[in-house]
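Below: the structure, in structure tokens.
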Ligand code: HEC
């Protein structure tokens, strides 16, 4: 082969390899942001007690009190959210309960990998039932979800709440 042909071949080779690098580079830049998000570290700052008193307690009260039946001398008084804003407020509290369950599973808040995890998940699941009831705007379903939520609180406190 003549030297000219060699030069041509090597030129083509560099061209092809160059395109390869461009493609690899484009792929890497597309994948990079995903890898960065996965690397974010979350540190648990608040104590379990602070989350209970600051988030879980108030949110649970909001859900528990949203639907009630009171018997008075004037008859039976049914209370339930009526306006969109009232339903939204209950939904926000249900969401706060769900996310509180997630917070129980972050960092050093995880007491053990057994009951603690299961009971935190029970809080999450019962909160989801309340959220579904809100989406369906169903007072009956909301009332029923209250019992599951209450059980999830009691079960965990019975085993893990110290000094009371
Ligand atoms: C996964 C376990 C767990 C679940 C579920 C849970 N709690 Fe707690 N809660 C605790 C622990 C542990 C403490 C004690 C924290 C401490 O004193 O350090 C506590 C304490 C509390 C306190 C503070 C009591 C006080 O004055 O010291 C309140 C209020 C509370 N929880 C409300 C609730 C409610 C309402 C629910 C259900 C909606 C709930 N918790 C669900 C584990 C849980």
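Computed from the coordinates by the stated procedures, all read-outs in this text should not be read as laboratory data. Remember, it's a predicted structure, so these values are computed and weren't measured experimentally. Ideal geometry is used to build each Cβ from the backbone, glycine not excepted, and the neighbour counts take in all protein chains shown.
For the stretch 73-164, build the convex hull from the C-alpha positions and give me its volume per residue in Å³.
Expressed per residue, the convex hull around the Cα atoms of the stretch 73-164 is 121 Å³.
Exposure proxy check: 97, 105, 143 ranked by fewest other beta carbons within 10 Å?
Exposure proxy ranking, most exposed first: 105, 143, 97.
Fewest to most neighbouring Cβ within 10 Å: what's the order for 48, 90, 110?
110, 48, 90
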